[in-house]
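One structure is given here, and the rest of the page talks about it.
The values are calculated or read from the model by the stated rules, or taken from the named source; none is laboratory data. Because the structure is a prediction, the values reported are computed rather than measured. Here the Cβ is made from the backbone with ideal geometry for all residues, glycine too, and neighbour counts use every protein chain on show. Surface areas here come from the heavy atoms of the whole protein model, side chains and all, with no ligands, DNA or RNA. Shrake-Rupley method; radii C 1.70, N 1.55, O 1.52, S 1.80 Å.
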Amino acid sequence: MFTKVAENLKKLGYQVSVFDTKEQAADYLCGEIKDTTVGFGGSITLRDMGLYDRLQETNKVAWHMYPAEGQNKDELRMLARNTDVYLTSANGLAETGEIINIDGAGNRVSESIFGHKKVYFVIGKNKLAEDYDKALWRARNIAGPKNAQRLGRKTPCAAKGDRCYNCSSPDRICKVLSVFWGAPMGADCEVVLIKEDLGY
């Protein structure tokens with residue numbers, strides 16, 4: 001599975017790194033990212049890897065999930081927008097190479113597309129799906145409800161935790177969809193694959 005998706009991602013213009021554990025992947029990223037500015041997208045994968053604390057040791061890091069005293073989430077989203085390096089995960093990754101993310105505010109998807117010197121997609125094995133349709137299904141019906149529950153949203157998917165209801169709730173978090181058919185032109189994008197279940 002990992003060999004196939006790695007080969008397809010490389011054909012689509014990505015750099016690809018594969019690791020057995022989240023600790024190995026975190027060590028790699030901390031070795032690659034030093035003395036620069038770093039932005040994080042909302043990601044349980046990145047949180048569970050402990051990357052925020054580790055990267056802060058040698059970089060200036062902006063992450064709206066961890067506002068310091070006197071900061072708010074919108075300010076941190078804007079700071080992350082102007083960093084040299086951006087890290088995020090994915091809600092779904094097809095073995096054919098498509099990377100899918102669904103977002104509420106849109107910051108995570110927009111920042112992964114344009115404007116940074118380097119973008120890393122850090123993806124655990126649970127995000128993999130056989131093809132585009134199944135990766136999209138996963139993003140909507142697995143990642144979406146779990147994230148809505150985590151955020152305490154009042155939506156049908158959060159209440160039942162079983163699937164997307166395509167609701168019109170004001171608490172809906174699935175507002176924006178991005179699909180990477182390949183690495184954007186001129187972009188330096190790397191996919192870090194981890195052979196462990198991480199995030200939603």
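Charges at C-beta only: +1 for Lys and Arg, -1 for Asp and Glu. How large is the resulting dipole of region 1-121 about its Cα centre, in Debye rounded to 20?
That gives a dipole near 280 debye.
May I ask you to give the solvent-accessible area per residue for region 91-143, in square angstrom, as obtained with a 1.4 angstrom probe? Let's see the in-between values first.
Details: 1940 Å² over 53 residues.
It amounts to 37 Å² per residue over region 91-143.
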Problem - Amide H partners (placed H, <5 Å) of G39, local residues excluded - result: A62, V85, Y86, L87
Exercise for the section: Under a cut-off of 20 Å between alpha-carbon atoms, report the lysines in cross-link reach of K160, not counting same-chain residues fewer than 8 places apart. Expected result: K146, K175
Exercise for the section: Pop out the ³J(HN,Hα) list for region 83-90 in order, Karplus 6.51 cos²θ - 1.76 cosθ + 1.60 with θ = phi - 60°, rounded to Hz; leave Gly and Pro as x. Expected result: 8, 6, 10, 10, 10, 8, 10, 8
Practice task
Would you work out which of V191, L51, P67 lies farthest towards the positive end of the dipole of the chain, given +1 charges on the beta-carbon of Lys and Arg and -1 on that of Asp and Glu, about the Cα centre?
Solution key: P67
Practice task
Within the set of other residues whose C-beta is less than 9 Å from the C-beta of E196, count the net charge using Lys and Arg as +1 and Asp and Glu as -1.
Solution key: +1
Exercise for the section: Starting at the first residue of region 187-200, write each ³J(HN,Hα) from the Karplus equation 6.51 cos²θ - 1.76 cosθ + 1.60 with θ = phi - 60°, in whole Hz, x for Gly and Pro. Expected result: 8, 9, 10, 10, 9, 9, 9, 10, 7, 9, 6, 9, x, 9
Handout entry: Accessible surface of the chain [probe 1.4 Å, protein heavy atoms]: carbon and sulfur percent
Key = 48 percent
Fill in the blank from the handout: Gyration tensor on Cα atoms of region 13-56, a ≥ b ≥ c root eigenvalues, a/c under 1.5 rounded, else prolate if a/b beats b/c, else oblate, says rounded
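Decide, for region 57-200, between rounded, prolate and oblate: order the square roots of the alpha carbon gyration tensor eigenvalues as a ≥ b ≥ c, take rounded if a/c falls under 1.5, and otherwise choose prolate if a/b is larger than b/c, else oblate.
Judged from the Cα gyration tensor, region 57-200 comes out oblate (a/c at least 1.5, b/c at or above a/b).
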Practice task
Name the residues whose placed amide hydrogens come within less than 5 Å of the amide hydrogen of A129, ignoring near sequence neighbours (fewer than 5 apart) on the same chain.
Solution key: L93, A94, E95
Fill in the blank from the handout: Here the FRET efficiency for K10 versus V176, based on Cβ atoms and R0 = 30 Å and rounded to 0.05, is 0.65
